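Let me begin by presenting the structure, written as structure tokens, before commenting on it.
The values are calculated or read from the model by the stated rules, or taken from the named source; none is laboratory data. Note that the coordinates shown come from a computational prediction; the quantities given were computed from them, not determined experimentally. Note: ideal-geometry Cβ built from the backbone for every residue, glycine included; neighbour counts use all protein chains shown. Calculation scope for accessible area: heavy atoms of the full protein, side chains included, ligands and nucleic acids excluded. Shrake-Rupley method; radii C 1.70, N 1.55, O 1.52, S 1.80 Å.
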Amino acid sequence: MGNGTATTDLDVALEKHRTELTGYCYRMLGSAFEAEDAVQDTLVRAWRSYDKFEGRSSLRSWLYRIATNVCLDMLTAGNKRARPVDLSDSTPLAQAALSPRPDNTWLEPVPDARVLPTAGDPAETAVAKESIRLAFMAALQHLPPKQRAVLILREVLAWRASEVAELLGTTVASVNSALQRARATLAEREDRGAGAAVSDPLDEEQQRLLERYVKAFEGYDMTALTALLHEDAVMTMPPFDLWLTGLDDITGFMTTLGSACAGSRLLPVEVNGLPGFAQYKPDPEAGGFTPWSIQVLEISDGRLTGFHFFLDTKRWFPLFGLPLHLEAEPDEVEEGR
């Protein structure tokens, strides 16, 4: 009987760390699904070897050591996840073609709730949000796996160098050196840090911008949409490697190859520490609306600088806990008659 209680207590103690470990593994791996697999593997390993845990470190740092080893093993294949903008030049609209690449090419979106602890210091929460934004996540992918672990543990999670050295089985000097190299690599890539100007929580101007965006997008009003976009705005659509930049190419695409999105509905989602929407487009066969994309928006200086449409709805909508069909509102049904 006592043993059963101990097992339950251990399950509860391990489970408490799931969200923060998922956030750590997501930053390491760039994939929401791989992160969840890595955390599951970490908790199973911890459960099996708990009798060997001697309590010299906290349970939390022991779990991070296991999770780091799991992630480093997963990264030995050398796969770096990327955004379309990291892999090729933008495509002029006249040459736009939709060619998909395999899932493991792409940096994946993640619901905030799965990777960000709910309570805590507002300053820590802001850092945690910034560190899952797409631009920062893409920059992390350029670091070798051990440097990535050092940077996340030191800069995002605020571990001391001595704690990181113990976790990695190395020296403080080696940790400090890895951190310097990692910072230098990130600094080189900071010019691509779109979306860094999103405040947390969103300020009034940003809230209004999003309201105007929803109205323009649902109304498929290209004039209104153009007024909200930065002149160098970028639009991406993983799993397609195509990406577009500039107002004319973006709105041109939306009214030609993307014209089936007219009449869409947008539901707000919290994704990658940024504002986002679940986009449902009209379903001519079943009526109502069918899932089309998870949109992640980047904002800077009161304009939209990036909007990223993640199109693999069979994977993303269940991950975000979203329905796979929306009924039409009664007035929409009336209009359709």
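Some points to look at:
- Hits in the stretch 147-165 - residues which are modelled with pLDDT of 95 or more, assigned to a helix (DSSP H, G or I) and closer than 20 Å to S57 by Cβ: A149, V150, I152, L153, R154, A161, S162, E163, V164, A165
- Among the residues making up the stretch 223-258, those that are open to solvent by 40 Å² or more (accessible area, probe 1.4 Å) and polar (S, T, N, Q) are T223, T226, T245, T255, T256.
- Restricted to the stretch 220-256, and to residues there that are out of contact with any Gly (no Cβ under 8 Å at 6 or more places or on another chain) and β-branched (V, I, T), the residue that is farthest from A96 (Cα to Cα) is T223.
- Qualifying residue in the stretch 61-76 (condition: at pLDDT below 85, outside any helix (DSSP H, G or I), surrounded by 15 or more Cβ atoms within 10 Å (Cβ to Cβ) and of a type in the set (S, T, Y)): no
- Residues that are assigned to a strand (DSSP E or B) and more than 15 Å from L304 (Cβ to Cβ), drawn from the stretch 244-267: R265, L267
- Every pair of residues 6+ apart whose Cβ atoms lie under 8 Å, when the first sits in the stretch 150-167 and is at positive phi while the second is open to solvent by 10 Å² or more (accessible area, probe 1.4 Å) and not hydroxyl-bearing (S, T, Y): A158/E124
- Checking each residue of the stretch 266-275 against the condition of being in contact (Cβ under 8 Å) with a residue 40 or more places away in the chain, open to solvent by 40 Å² or more (accessible area, probe 1.4 Å) and more than 23 Å from the chain's Cα centre (by Cα) gives no match.
- Scanning the stretch 217-233 for residues that are small (G, A, S) and within 19 Å of P92 (Cβ to Cβ) yields one hit, A233.
- Inspection of the stretch 170-179 finds no residue satisfying the criterion of being modelled with pLDDT under 95 and within 24 Å of the chain's Cα centre (by Cα).
- A94 being in contact with a Leu (Cβ under 7 Å, 6 or more places away or on another chain), in a helix (DSSP H, G or I) and small (G, A, S): no
- The single condition among (1) in a loop (DSSP other than H, G, I, E, B); (2) open to solvent by less than 60 Å² (accessible area, probe 1.4 Å); (3) β-branched (V, I, T); (4) at pLDDT below 90 that T125 does not meet is (1).
- Selected residue (criterion: nearest to L63 (Cα to Cα)) from residues of the stretch 16-39 that are crowded, with 20+ Cβ neighbours inside 10 Å and among the β-branched types (V, I, T): V39
- Checked against (1) closer than 23 Å to A97 by Cβ; (2) open to solvent by less than 30 Å² (accessible area, probe 1.4 Å); (3) more than 24 Å from the chain's Cα centre (by Cα), A216 passes all but condition (1).
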